[in-house]
Amino acid sequence: MNRPYIIVNCAMSADGKISLPSRKQFRISSEEDIARVHRLRNSCDAILVGIETVLNDNPKLTVKEKYVEKPKQPTRIILDTHCRTPIDALAVKGEIETLIITAEETKCDKKYGENVKIISCSTTEEGFID
């Protein structure tokens, strides 16, 4: 079967938390773990995040040369049902291929760069991208 190989990575505190109650960005990972994550990203075809990660953390979703020599930048994928990704978000900047996945019924007329493609998908009864 041709199925994708999916790697889930998240930093978590000893008590199971992944963020502060305020959702403010807080570094949990060590420098060694951050380097490992960039090597992991370099081995992947894509990095996928939800819109809340984009809105709360404003990540670049790239592989940093500080950690990987001559990095291969994976495609960035943002699950964004209602096309809320800001045009100035770091995840849509630059030349790296970026896909924003929205709901079919969402009209997305934002002017992103040429590297960004909007893909409309069906949704579940609950309104989640299917």
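Worth a mention:
- Among residues that are surrounded by 14 or more Cβ atoms within 10 Å (Cβ to Cβ), within 16 Å of the chain's Cα centre (by Cα), on the phi > 0 side of the Ramachandran plot and not acidic (Asp, Glu), CYS44 is not included.
- Checking ALA91 against (1) touching a Ser or Thr at 6+ places or on another chain (Cβ under 9 Å); (2) surrounded by fewer than 19 Cβ atoms within 10 Å (Cβ to Cβ), the condition it does not meet: (2)
- Residue that is nearest to ASP80 (Cα to Cα) [pool: residues in the stretch 116-126 that are surrounded by 15 or more Cβ atoms within 10 Å (Cβ to Cβ) and not small (Gly, Ala, Ser)]: ILE118
- Boolean, ILE100 is surrounded by fewer than 17 Cβ atoms within 10 Å (Cβ to Cβ), touching a strand residue (DSSP E or B) at 6+ places or on another chain (Cβ under 8 Å) and hydrophobic (A, V, I, L, M, F, W, C): no
- Inter-residue pairs, beta-carbon under 7 Å, first touching a residue at least 24 places away in the same chain (Cβ under 8 Å) and within 13 Å of PRO86 (Cβ to Cβ) and in the stretch 54-66, second of a type outside the set (Ser, Thr, Tyr) and in a helix (DSSP H, G or I), 6+ apart: VAL54/ALA91; ASN58/LEU90; PRO59/LEU90; PRO59/ALA91
Every number in this text was worked out from the coordinates using simple rules, so none of it is lab data. No experiment lies behind these values; they were computed from the predicted model shown. For neighbour counting, all protein chains shown are included, and Cβ atoms are generated from backbone atoms with ideal geometry for every residue, glycine included.
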